[in-house]
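The values are calculated or read from the model by the stated rules, or taken from the named source; none is laboratory data. The model shown is predicted, which means the values in this text are computed figures rather than measured ones. So basically every Cβ, Gly included, is an ideal-geometry build from the backbone, and we count neighbours across all protein chains shown. Each accessible area value is taken on the protein alone, full model and side chains, heavy atoms only, with ligands, DNA and RNA left out. Shrake-Rupley method; radii C 1.70, N 1.55, O 1.52, S 1.80 Å.
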Amino acid sequence: MTHGLEEGAAIHLPVAGLRAVLHWLPTGTDPRRGVPDLDLSAVLLGAGGRVRSEGDFVFYNQPRHPTGLVRRLSKRRDRHGLRDTVEADLGRLDASVTRVVLAASADGAGGFVAERSMPRLLLHDAAGGAPLAALPLRPAPGETAVVCGELRRSDGGGWEFHASGPGYAGGLVALAAAYGIAAAGTPEPASAPEPESAPDPGPEPAPRPRVHTPTPPTGTAYGYPEPDPAFTLPPQGPQFLPD
């Protein structure tokens, strides 16, 4: 059963594995004004509401947590638009992880252009794909990153999703700093949307500038290179700027 959520609502998640999907429309009705590319990220938090290490930030340049229990999947296009997906094996996360933040970010200073991109977060059971909840996102004009909600451990065991969170005009750098992540630069995203069946004839999202990223080690996971254990966020980029 799918629950329609609004900001401030909470729902118990009767699953051990969760698939969170950020879905949006790639274009608007005005061909002269495009909709930005969007990304879904996850931040694993300890008891103090801060990350335990840089590996707890799962985003487009670090698409897999060192444990492999939280990971991004490849972006996809379907007949309804674009989607970016994060999967989490909630039942296997270490007890020191008390919350998992799900955050959306927009590529570019113009924000989400929400009136045309119509972003929303969809929650599914990762095991069978059954839909659990749908949350429309309403970022304010100028916000380039927004917390969609948090996965929190419940008192009786298991997990709950709380649909609330702040927005940031400073993009991922501001959001990351709020959870103790000192970032020096924004690298490029890991992948472009891939067609699932018949390609949408509409225009694709504009590609982002290519910048330097660390050379990944041998091995892949879900279409992405495994993260370098010595990884630090590199300088330069459109969102992350030096302090």
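Label Ala130 and Arg92 with points 7 Å out from Cα along Cα→Cβ: what is the distance between them in nm?
2.1 nm
5 Å is the cut-off here: which amide hydrogens, built 1.01 Å from N in the peptide plane, fall below it relative to Arg76, excluding neighbours closer than 5 in sequence?
When sequence neighbours closer than 5 places are left aside, the close amide H contacts are Arg83, Glu194.
Between Asp78 and Ser53, 0.36 nm times their residue separation minus their Cα-Cα distance comes to what?
Separation in residues times 0.36 nm, less the Cα-Cα distance, equals 5.5 nm.
Excluding ligands and nucleic acids, what accessible area in Å² is computed for Glu54 using a 1.4 Å probe, to the nearest 10?
Surface open to solvent at Glu54 totals about 70 Å².
State log₁₀ I(q)/I(0) for the stretch 38-124 at q = 0.13, 0.19, 0.20, 0.24 Å⁻¹ as given by the Debye formula over alpha-carbon point scatterers of equal weight, solvent excluded.
Here log10 of I(q) over I(0) equals -0.47, -0.90, -0.97, -1.23.
What do you get for Rg/Rh of the stretch 135-187 when both radii come from the Cα atoms and Rh is the Kirkwood radius?
Taking Rg over the Kirkwood Rh, I get 1.07.
Computed over the Cα atoms, what is the radius of gyration of the stretch 74-186 divided by 2.2 N^0.38 Å, N being its residue count?
Taking N as the residue count of the stretch 74-186, the ratio is 1.14.
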